[in-house]
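Scroll down for the structure; my scribbles are underneath it.
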Amino acid sequence: MRLPVVGGAAAAELEVAEATFDASFNEPLVHQVVVSYLAAARAGTKAQKSRALVSGGGRKPWKQKGSGRARAGSTRSPLWRGGGKVFAARPRSFEAKVNRKMYRGAMRAILAELVRQKRLVVLDPGAVALSAPKTRELVGRIRSWGVDSASLLLVVEAHDERLTLAARNLPAVDVCSVEALDPVRLVHFEAVAVTAPALKKMEEALA
């Protein structure tokens, strides 16, 4: 299949593989991969003290009978102020295993759906070559691409310092390289603009 390339001197098209950019949308698979990616980003460092970890409480606060108060064996009981937690949280990992085949399948499904919804724009490499790291220049370039969305993800072949600095002041615009691309970013932004070399690199990685 062919995708139009914008931002160049003349109208052009880029030949891409249908297996990658015309795949069916597998919603359960995409959901599983996205949730797994978000879960792996969680720190999982929450920790609380159980009754065994709270210091003190070794002596019985008062005798078992005759005081008129309820029976108590320790001042570090979960019922007492300063006592331990009943089900104390411990540091844990939230990672869920997603194999390579599932990850590639989810990425292909997301890219194909972006193409079907006309939310994927292929750019000529010269369209993102800024003369200086100026936000105003980048905004002008985005308007010339015909992108009219609330948020935009710009994917380039490799890290571009000028482009990154120019987009830093735009809260709805993000720039990343192909190596840093992930499914969460693809589903988060309303529009995705990819340079032609970056798209071919993505195609090779997902083949």
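How about the stretch 162-207: which GluC sites (Glu not before Pro) there are in a DSSP loop, with at most 15 other Cβ atoms within 10 Å of their Cβ?
GLU179, GLU190
Net charge near GLY44, counting Lys/Arg +1 and Asp/Glu -1 over other residues with Cβ under 14 Å of its Cβ?
Summing Lys and Arg as +1 and Asp and Glu as -1 gives +3.
Students often forget the sequence filter, so: which aspartates and glutamates lie under 16 Å Cα-Cα from LYS97 once same-chain residues fewer than 8 apart are removed?
Candidates past the 8-residue exclusion: ASP182.
Determine which lysines satisfy two conditions relative to LYS63: a Cα distance under 28 Å, and not lying fewer than 8 residues away in the same chain.
List returned: LYS49, LYS85.
Would you mind ranking TRP145, TRP62 by Cβ crowding within 10 Å, fewest neighbours first?
Result, fewest neighbours first: TRP62, TRP145.
Between ALA180 and GLU13, what is the label-to-label distance in nm when each label sits 7 Å out along the Cα-to-Cβ direction?
Spacing of the two 7 Å Cα→Cβ label points: 3.4 nm.
Once you charge only the Cβ atoms, +1 for Lys and Arg and -1 for Asp and Glu, what is the size of the charge dipole of the stretch 43-93 about its Cα centre, to the nearest 20 debye?
Using only the charged Cβ atoms, the result is roughly 140 debye.
Find, among the trypsin sites (Lys or Arg not before Pro) in the stretch 32-126, those assigned to loop by DSSP (not H, G, I, E, B) with at most 12 other beta-carbon atoms within 10 angstrom.
Numbers: sites: ARG42, LYS46, LYS49, ARG51, ARG59, LYS63, LYS65, ARG69, ARG71, ARG76, ARG81, LYS85, ARG92, LYS97, ARG100, LYS101, ARG104, ARG108, ARG116, LYS118, ARG119; in loops: ARG42, LYS46, LYS49, ARG51, ARG59, LYS63, LYS65, ARG69, ARG71, ARG76, ARG81, ARG92, LYS97, LYS118, ARG119.
Loop-located and lightly packed - ARG42, LYS46, ARG59, LYS63, LYS65, ARG69, ARG71, ARG81, ARG92, LYS97, LYS118.
Values in this text are rule-based calculations from the coordinates and carry no lab data. Model, not experiment: these values are computed from the prediction. In this analysis, Cβ positions are derived from the backbone assuming ideal geometry, glycine residues included, and neighbour counts consider all displayed protein chains.
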